[in-house]
Ligand SMILES: NC(=O)c1ccc[n+]([C@@H]2O[C@H](COP(=O)([O-])OP(=O)(O)OC[C@H]3O[C@@H](n4cnc5c(N)ncnc54)[C@H](OP(=O)(O)O)[C@@H]3O)[C@@H](O)[C@H]2O)c1
């Protein structure tokens with residue numbers, strides 16, 4: 001595997017260009033039928049495959065993803081991989097409210113550290129913006145934790161451009177995580193130029209469009225259970241679904257020619273995209289992680305990169 005590390009923003013945090021998304025590790029509020037033991041195996045498969053960034057969040061299983069990762073990483077050298085977590089969800093009884101209050105975020109980090117059985121987070125993201133806290137104040141609180149060594153890099157996720165600019169008033173944001181994929185390309189317009197100008201790293205979420213970009217779907221309609229986050233996802237419905245499947249299938253000859261899977265080609269495309277720091281595909285099985293990690297060995301020529309880009313030109 002290529003020994004290639006990427007640096008997160010202006011922080012000293014390093015990662016492989018491919019990390020592991022863990023919303024299906026303990027994320028029982030997002031997907032049905034998840035098993036804890038499989039979740040732990042997924043994390044271990046990631047670390048054993050040389051992946052150096054685990055992306056988790058309180059919201060995945062309301063702490064359960066972090067707890068399982070805390071178990072899985074026992075026996076691994078904590079300094080050899082990075083953990084990114086996220087918070088902002090305040091749970092009171094049955095209600096969940098987004099809160100970016102400085103004191104709430106500081107407590108959220110402390111709680112994440114306990115669940116993960118670790119003394120620091122490499123990245124902490126404000127998972128969602130609330131509608132009242134000044135974003136620079138929220139980030140200033142995280143910067144205090146950075147000075148204390150409890151977190152090493154500051155991230156924001158799901159922020160509008162205005163919220164990001166407010167959050168980064170003092171130049172303290174290291175990394176942004178937002179939806180971006182070959183079929184969701186809004187970030188190319190305003191976000192990527194801003195991030196480049198401000199030396200901020202970018203992590204796209206849903207890079208495989210929740211499995212759609214792996215080439216495993218044909219035109220047969222798919223139905224997910226009501227308690228699966230894909231249940232009402234428009235990408236899996238009607239004409240849009242058919243258009244995505246058609247575009248993905250045009251990559252088959254290139255995949256065969258390169259002795260790679262379509263998922264590996266797609267992941268390699270992100271790794272060669274200059275706007276992206278770390279791509280974090282999720283997985284339901286350890287075998288998917290092992291296969292996805294091999295994308296780090298797939299090299300695309302400029303022409304191949306352009307060919308993949310062009311296959312999804314209608315989604316720009
Ligand atoms: N910041 C945010 O608000 C936010 C939001 C969403 C996600 N995220 C993060 O982004 C990560 C990635 O998103 P995601 O996991 O939802 O979606 P994704 O990476 O686009 O797709 C992952 C899914 O694709 C399927 N898959 C993966 N590898 C495969 C392979 N080699 N062959 C066939 N199928 C494969 C698996 O589902 P099946 O086996 O069921 O098809 C897997 O769960 C998350 O895990 C999470 O860490 C962050």
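Among the residues of segment 234-246, those that are touching a residue at least 40 places away in the same chain (Cβ under 8 Å) and surrounded by 17 or more Cβ atoms within 10 Å (Cβ to Cβ) comprise 235, 244. Consider segment 14-33 and keep the residues that are in contact (Cβ under 8 Å) with a residue 60 or more places away in the chain and within 10 Å of the ligand (Cβ to nearest atom). The one that is farthest from residue 153 (Cα to Cα) is 31. Being within 16 Å of the ligand (Cβ to nearest atom), without any contact (Cβ under 8 Å) to a residue 60 or more places away in the chain and touching a strand residue (DSSP E or B) at 6+ places or on another chain (Cβ under 7 Å) holds for only one residue in 206, 202, and it is 206. What is the one condition in (1) closer than 20 Å to residue 188 by Cα; (2) assigned to a helix (DSSP H, G or I); (3) within 16 Å of the ligand (Cβ to nearest atom) that residue 309 does not satisfy? Here residue 309 clears every test but (3). Picking from residues in segment 294-306 that are in a loop (DSSP other than H, G, I, E, B) and farther than 18 Å from residue 20 by Cα, the one that is farthest from the chain's Cα centre (by Cα) is 301. Please specify each residue of segment 262-293 satisfying the condition of being part of a loop (DSSP other than H, G, I, E, B), touching a helix residue (DSSP H, G or I) at 6+ places or on another chain (Cβ under 6 Å) and more than 10 Å from the ligand (Cβ to nearest atom). Hits for segment 262-293 are 275, 276. In this entry, residue 188 passes the filter for residues that are at pLDDT 95 or above, more than 9 Å from the ligand (Cβ to nearest atom) and closer than 21 Å to residue 6 by Cα. Could you please let me know if residue 47 is modelled with pLDDT of 95 or more, part of a helix (DSSP H, G or I) and within 21 Å of residue 165 (Cα to Cα)? It is false that residue 47 is modelled with pLDDT of 95 or more, part of a helix (DSSP H, G or I) and within 21 Å of residue 165 (Cα to Cα).
The values are calculated or read from the model by the stated rules, or taken from the named source; none is laboratory data. Remember, it's a predicted structure, so these values are computed and weren't measured experimentally. Backbone-built Cβ (ideal geometry, glycine too); neighbour counts: all protein chains shown.
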